[in-house]
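Enquirer: The structure's right below; bear with me while I get my questions together.
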Amino acid sequence: MRRAFAASLCALLIVLGASYAEGAVWYSRGDQYNSGNFNVKLLPRGTLAWKLETGSKIVGAPLVVGSTAYVGNMDGRIFAVDVNTGGVRWTYQADGSIMAAPSALDNIIFFGTFEGTLYALDRGNGTPLWTFKTDGPILASPLALGEKVYVGAYDGSIYALNVRSGALLWNVQSPRGFECAPAMAEGVLLVGGVDGRFHALDPKNGVELWGGNAEGSIRGSPAYGDGRVHYATDNGYAHAIRLKGVVPLWHTRVNAPIGSSPAYAQGEMYLGGLDGKLYVLNAATGQILWAFSTGGPVSSSPAHANGVVFFGSSDHRFYAVDTKSKAALWSFEADDEIVSDPAVAEGRVLFGTLKGTLYALR
């Protein structure tokens, strides 16, 4: 997401809900698979509902939980905002820039900072519950699942912490850092590293079950669907591996460096290119099916909902592209570049800009 800042960011989308059972979770890309695909019935039509000026650049995606959106900015402040009105419910000042989307489990909101601190706050009022200090910047969203929260840092570690106490359960190291949120699929924790190695880890202890080296840095989150994990390297290669039997299926050279995390839906893989295009691949074969052009690099990770792909561009515009007609249903002009991933909810889509404005469209 943040190629404009020499770092990509895995950020997120989430579906609105009204009530929460014990163990309710909101994942960094819509589900624990990082699919970027969301089951919403009412799609936004590109009309401004409200906007909020936060005072500093927004590079991470918002997280929508019920009627509240959570978003952080480069000044290190996280905002809890009413989704319907844009009114601020609370704010909290962290120790450094927030460069990735928050995630949530039950009443807890999790996010990391450039200073290397993972925060757990009460999402109702912003009260700190615990913090954990890593040895490097946290540039990715955490993944909370069960009694663990997983997060990668630029110190080369993946950490697993207890969600209630922040106690360290395990950590594993890589020669370089991690910039993306892991996915959980078929009982395996899946994550790519800046060193170009793709890791499949045992979530119980962090032991690498299998792995492989790619052609370049893996800065975007992996996306799982239909038995396959899909990921891309920043120098323009997309990959798919069948998890059962660990079978590499294909790798495709896209015609540009990749600026986003992939989304997976309806048998297709969606990727943002730094050449200003949205690329659509056949997820079973890797064939490039079509592309949609914008006026600037696309570092905003695509989101799919009900046959429409949502994403922003550095050309200051936010797009809704129909997957059948391959044409824009609408676009919206914002006040600056959009590198933030969008958050999709019923009848709403939210995103931030480098001017620090949080937009909600309906």
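Enquirer: Quick one: which strands (runs of 3 or more DSSP E) lie wholly within segment 214-261 and hold at least 2 residues that are surrounded by 22 or more Cβ atoms within 10 Å (Cβ to Cβ) and more than 18 Å from the chain's Cα centre (by Cα)? I'd like the intermediate steps shown before the answer.
Expert: Details: elements: 223-225, 228-232, 237-242, 247-253.
Ranges flagged: 237-242.
Here's the yes/no breakdown for (1) in contact with a Pro (Cβ under 7 Å, 6 or more places away or on another chain); (2) modelled with pLDDT of 95 or more:
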{"residue": "173", "(1), (2)": "no, no"}
{"residue": "189", "(1), (2)": "yes, yes"}
{"residue": "200", "(1), (2)": "no, yes"}
{"residue": "207", "(1), (2)": "no, yes"}
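Enquirer: For residue 206, are the conditions met, namely being in a loop (DSSP other than H, G, I, E, B), surrounded by 18 or more Cβ atoms within 10 Å (Cβ to Cβ) and over 21 Å from the mean Cα position of the chain (by Cα)?
Expert: Working: in a loop (DSSP other than H, G, I, E, B): yes; surrounded by 18 or more Cβ atoms within 10 Å (Cβ to Cβ): yes; over 21 Å from the mean Cα position of the chain (by Cα): yes.
Answer is yes for this residue.
Enquirer: Additional query: So if I check each of 78, 158, which one is free of Cβ contacts under 8 Å to residues at least 60 places away in the same chain, under 30 Å from residue 50 (Cβ atoms), in a strand (DSSP E or B) and within 17 Å of the chain's Cα centre (by Cα)?
Expert: Details: 158 fails: under 30 Å from residue 50 (Cβ atoms).
Answer to the check: 78.
Enquirer: Quick check on my filter: what residues within segment 102-133 are hydroxyl-bearing (Ser, Thr, Tyr), surrounded by 23 or more Cβ atoms within 10 Å (Cβ to Cβ) and without any contact (Cβ under 8 Å) to a residue 60 or more places away in the chain? Write out each step before concluding.
Expert: Of the residues in segment 102-133, the ones hydroxyl-bearing (Ser, Thr, Tyr) are 103, 113, 117, 119, 127, 131.
This time we only want the ones that are surrounded by 23 or more Cβ atoms within 10 Å (Cβ to Cβ), so: 103, 113, 119.
Correct list: 113, 119.
Enquirer: Still on this structure, please answer the following. Going through segment 53-75 one residue at a time, which ones are within 13 Å of residue 350 (Cα to Cα) and not in a strand (DSSP E or B)?
Expert: Answer for segment 53-75, where residues must be within 13 Å of residue 350 (Cα to Cα) and not in a strand (DSSP E or B): 58, 59, 60, 61, 62, 67.
The values are calculated or read from the model by the stated rules, or taken from the named source; none is laboratory data. The structure presented is a predicted model; accordingly, all values stated were derived computationally and were not measured. Note that we place each Cβ from the backbone using ideal geometry, even for glycine, and neighbour counts take in every protein chain shown.
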